[in-house]
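Q: Sharing a structure below in structure tokens format, with a few things to ask.
The values are calculated or read from the model by the stated rules, or taken from the named source; none is laboratory data. Quantities reported herein were computed from a predicted structural model and do not represent experimental measurements. Cβ: placed from backbone, ideal geometry, glycine included. Neighbour counts: every protein chain shown.
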Amino acid sequence: MGRLEPASIPRHVAIIPDGNGRWAESRGLARNEGHSRGTEVVREIVRAAHELGIKQLTIYAFSMENWDRPQDEIDAIMGLLSRYIRHETDELEKNGVRVQTIGRLDMLSPKLQRAIRGLEKRTAGNDEMLLIFALSYSGRSELVDAMRGIAREVESGRLDPEAIEEKDIREHLYAPDLPDPDLLIRTGVEHRISNFMLWQLAYTELWITDALWPDFTKRDLVDAIHAYQQRERRFGRTGAQVRKGS
């Protein structure tokens, strides 16, 4: 584990926390035991991110594709999410963490939607860290919903189709004010972004670990940030241009 440079901590870190089911199966446990342990790791990593000075942390908690899983697994995940909200709201509020959710939340149960709105309301005034949960989320669905919003503006005459620019798409994303992630961490071996933040990840640095999410620790988070700090982010420019500040 290398020494971190406080001035170069990534402002926005996104995480694809993969491997809960495989972790459980490798130990002869039910898959839901992996999700339970994974929820504990979310708690630990949120605390660690706050301690390290990360300002925005986005966690891919439940994808649109996850709705195709067995119903008992879906029910277990939703139950764990409800429990997380009940148990963590006080600590998040106390630590200055504001919570926001992105995704097609109307697919969640009304009871869970109310709990999420309550958590967001309780933490709305916090400004030390923004914690974003992507729930019932898909990068393609987000872009579809953005296109629908733009189409409505064009239809109403508020927007000229020939004048549409990148900023218009961003303004119709689920969290238009959220800066693009500086660093994406993916656990669990797989080397893909799995339909996550397709617009926002254009120039995000990727860090992939073989560790399954239930085994992921603060040390792993620090290792990911240290690796990020060794990279030169060029955003399409040459290295010489970056070093000259142009």
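Q: Scan the range 172-209 for residues that are over 21 Å from K55 (Cα atoms) and among the charged types (D, E, K, R) and report the count.
A: The number of residues fulfilling the criteria is 2.
Q: Of the conditions (1) under 30 Å from A227 (Cα atoms); (2) without any contact (Cβ under 8 Å) to a residue 12 or more places away in the chain, N95 clears all except one; give me its number.
A: (2)
Q: Considering only residues that are exposed (fewer than 15 other Cβ atoms within 10 Å of the Cβ) and over 15 Å from the mean Cα position of the chain (by Cα), which ones fall in the range 6-29?
A: Of everything in the range 6-29, those that are exposed (fewer than 15 other Cβ atoms within 10 Å of the Cβ) and over 15 Å from the mean Cα position of the chain (by Cα) turn out to be P6, A7, S8, E25, S26, R27, G28, L29.
Q: Collect the residues in the range 198-229 that are of a type in the set (D, E) and either under 22 Å from L130 (Cβ atoms) or buried (at least 19 other Cβ atoms within 10 Å of the Cβ) (or both), keeping them in residue-number order.
A: E205, D220
Residue-by-condition table, conditions (1) touching a residue at least 40 places away in the same chain (Cβ under 8 Å); (2) part of a helix (DSSP H, G or I); (3) farther than 22 Å from I16 by Cα:
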| site | (1), (2), (3) |
| --- | --- |
| S82 | no, yes, no |
| T101 | no, no, no |
| R117 | no, yes, yes |
| K121 | no, yes, yes |
| G125 | no, no, yes |
| E153 | no, yes, yes |
| R158 | no, no, yes |
| D168 | no, yes, yes |
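Q: Which residues, counting only those in the range 103-115, are assigned to a helix (DSSP H, G or I) and small (G, A, S)?
A: A115
Q: May I ask you to list the residues in the range 140-166 that are farther than 19 Å from P176 by Cα and of a type in the set (D, E)?
A: E155, D160, E162
Q: Within the range 164-197, can you find the residues that are surrounded by fewer than 21 Cβ atoms within 10 Å (Cβ to Cβ), under 14 Å from L143 (Cβ atoms) and not hydroxyl-bearing (S, T, Y)?
A: Selection gives I164, E166, D168, I169, R170, E171, H172, L173, A175, P176, I193, N195.
Q: Moving on. Quick check on the range 30-47: of everything there that is hydrophobic (A, V, I, L, M, F, W, C) and either crowded, with 18+ Cβ neighbours inside 10 Å or under 15 Å from the mean Cα position of the chain (by Cα) (or both), which residue is farthest from P214 (Cα to Cα)?
A: Going through the qualifying residues, I end up with V46.
So that you can scan it fast, the table gives a plain yes or no per residue for (1) modelled with pLDDT of 95 or more; (2) of a type in the set (A, V, I, L, M):
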position: P181; (1), (2): yes, no
position: V189; (1), (2): no, yes
position: F196; (1), (2): yes, no
position: T204; (1), (2): yes, no
position: A211; (1), (2): yes, yes
position: K218; (1), (2): yes, no
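Q: Which of the residues spanning the range 8-61 are outside any helix (DSSP H, G or I) and under 17 Å from T217 (Cβ atoms)?
A: Result: V13, I15, I16, P17, D18, G19, I54, L57, I59.
Q: Continuing with this model, one more query. Surrounded by fewer than 16 Cβ atoms within 10 Å (Cβ to Cβ) and among the small types (G, A, S) - does that describe any residue in the range 57-74?
A: no
Q: Can you pull out every residue in the range 135-151 that is buried (at least 16 other Cβ atoms within 10 Å of the Cβ) and under 16 Å from the mean Cα position of the chain (by Cα)?
A: Selection gives L135, S136, Y137, S138, G139, S141, E142.
Q: Considering every residue within the range 2-19, establish whether at least one is closer than 30 Å to D72 by Cβ, touching a residue at least 12 places away in the same chain (Cβ under 8 Å) and hydroxyl-bearing (S, T, Y).
A: no
Q: Still on this structure, I have one more. Considering each residue of the range 73-94, count those that are under 14 Å from V42 (Cα atoms) and hydrophobic (A, V, I, L, M, F, W, C), and give that number.
A: Qualifying residue count, the range 73-94: 5.
Q: Please state which one of G103, G149, G139, G125 is in contact with a Leu (Cβ under 7 Å, 6 or more places away or on another chain), of a type in the set (G, A, S) and on the phi < 0 side of the Ramachandran plot.
A: Every option except G139 fails the conditions.
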